[in-house]
1. Hey, any hits in region 67-87 for a residue that's assigned to a loop (DSSP other than H, G, I, E, B), open to solvent by less than 10 Å² (accessible area, probe 1.4 Å) and not polar (S, T, N, Q)?
2. Looking at residue 132, is it part of a strand (DSSP E or B) and surrounded by fewer than 19 Cβ atoms within 10 Å (Cβ to Cβ)?
3. Residue check, residue 201 against (1) within 16 Å of ligand 2 (Cβ to nearest atom); (2) touching a strand residue (DSSP E or B) at 6+ places or on another chain (Cβ under 7 Å), all met but one. Which one?
4. Cβ-Cβ distance below 6 Å, separation of 6 or more or different chains: which pairs start in region 36-59 with a residue that is over 18 Å from residue 162 (Cα atoms) and end on one that is open to solvent by 60 Å² or more (accessible area, probe 1.4 Å)?
5. Please count how many residues of region 152-184 are of a type in the set (D, E, K, R), closer than 28 Å to residue 123 by Cβ and in contact (Cβ under 8 Å) with a residue 40 or more places away in the chain.
6. So, of the residues in region 96-126 that are open to solvent by 50 Å² or more (accessible area, probe 1.4 Å) and out of contact with any Leu (no Cβ under 7 Å at 6 or more places or on another chain), which turns out to be nearest to residue 40 (Cα to Cα)?
7. Give 237, 156, 210 a once-over and let me know the one that is closer than 22 Å to residue 26 by Cβ, surrounded by 17 or more Cβ atoms within 10 Å (Cβ to Cβ) and modelled with pLDDT under 95.
Amino acid sequence: MSDLKTAREWIRSARRVAALTGAGISAESGIPTFRGSGGLWKQFRAEDLATAAAFARDPLTVWEWYQWRRELIAQCTPNAGHLALAELEATTHFTLITQNVDGLHDLAGSRNILKLHGDIWRLRCTTCLAEWTDRSVRFAQFPPQCTCGGLARPAIVWFGENLPDGIFEEAGHAAKTADVFLVIGTSAQVYPAAGLIPEAKASGAKIIEINIEKTPFTSLVDCALTGSAGELLPRLI
Ligand code: BV8
Ligand code: ZN
């Protein structure tokens with residue numbers, strides 16, 4: 001069923017709402033997605049850039065890719081979709097779970113954000129594991145280093161790496177206790193993040209999907225709204 005009016009009713013009468021967002025919510029802000037037509041994985045191979053092995057083999061190339069993404073993201077601002085979710089948090093018991101690392105949900109004013117895949121503005125030392133925020137668009141030294149002299153890496157979850165301790169458990173709790181679970185702008189192919197969708201469904205949540213195309217879960221959701229997040233979310237919330 002793809003009825004905006006019903007979906008809006010479900011959200012209005014929900015006690016607890018949760019949302020899982022993906023790269024699609026930032027597309028209208030100008031940030032390329034991963035798997036769509038102009039997607040990043042079309043130009044680059046994920047295995048060559050978003051894995052610990054790739055970083056160990058060639059930290060400079062991986063850092064150049066993240067530097068390029070940081071410079072691009074630094075020029076982007078949240079769109080109406082991000083802002084609508086920040087609005088929802090102000091009026092409802094709402095948990096925002098994001099796979100995005102771009103920080104646009106923070107800029108939009110969301111507070112309670114579970115970042116499953118890390119944050120492109122945070123760095124972690126590969127030697128002493130210290131972690132810090134660095135918003136500089138060009139690093140003083142390249143590749144960036146820790147004060148201990150160790151090589152810094154992006155504090156991002158790469159393929160084959162575990163999600164940050166506790167974050168995924170919190171996301172699972174939010175999915176299990178939600179009355180309404182919004183799935184926004186994700187191709188729902190990356191696990192364990194995508195596993196939150198069937199988990200919410202099994203716990204009785206109404207699932208509302210917002211996407212410009214079908215995903216592996218479109219047939220499972222209670223309401224599939226086809227359209228852009230920036231256009232649909234303000235109307236929904
Ligand atoms: C883990 C970091 C335990 C990089 C990312 C085989 C070997 C090893 C592992 C696996 C394997 N098979 C499966 C796995 C597990 C693997 C996985 O799921 N792989 C998939 C690809 C098959 N997962 C992991 O490795 C995870 N860790 O499992 O740990 C473990 C430990 C050891 C060994 C094994 C397992 C770690 C996953 C995190 C990986 N890191 N990114 C970086 O970001 O720099 S994932 C990457 O994809 C991004 O982070 C992104 O967040 C994520 C999901 O992508 P989406 O957000 O969905 O974006 P996408 O482009 O795909 O889709 C965009 C959607 O938006 C589309 O549907 C489009 O239609 C829609 N859209 C576009 N415009 C709009 C729109 N919608 C609305 N409005 C619009 N305007
Ligand atoms: Zn260090």
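The values are calculated or read from the model by the stated rules, or taken from the named source; none is laboratory data. Note that the structure is predicted; figures quoted are calculated from it, not measured. Using ideal geometry, Cβ is built from the backbone for each residue, glycine included, and neighbour counts are taken over all protein chains shown. Ligands, DNA and RNA are excluded from the accessible area calculation, which covers all protein heavy atoms including side chains. Shrake-Rupley method; radii C 1.70, N 1.55, O 1.52, S 1.80 Å.
1. Of region 67-87, the ones assigned to a loop (DSSP other than H, G, I, E, B) are 75-79.
Next, only the ones that are open to solvent by less than 10 Å² (accessible area, probe 1.4 Å) stay: none.
No, that holds for no residue.
2. Yes, satisfied.
3. (1)
4. 41/35
5. Count: 3.
6. Quick first cut of region 96-126, residues open to solvent by 50 Å² or more (accessible area, probe 1.4 Å) only: 106-107, 111-112, 122, 124, 126.
With the extra rule that they be out of contact with any Leu (no Cβ under 7 Å at 6 or more places or on another chain), the set shrinks to 106-107, 111, 122, 124.
Working: 106: 23, 107: 23, 111: 28, 122: 21, 124: 23 Å.
Ranking the candidates gives 122 first.
7. After applying the criteria, what remains is 237.
For (1) away from ligand 1 (no atom under 12 Å from the Cβ); (2) surrounded by 21 or more Cβ atoms within 10 Å (Cβ to Cβ); (3) in contact (Cβ under 8 Å) with a residue 12 or more places away in the chain, each residue gets a yes or a no:
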residue: 186; (1), (2), (3): no, yes, yes
residue: 203; (1), (2), (3): yes, no, yes
residue: 216; (1), (2), (3): no, no, yes
residue: 225; (1), (2), (3): no, yes, yes
residue: 230; (1), (2), (3): no, yes, yes
residue: 233; (1), (2), (3): no, yes, yes
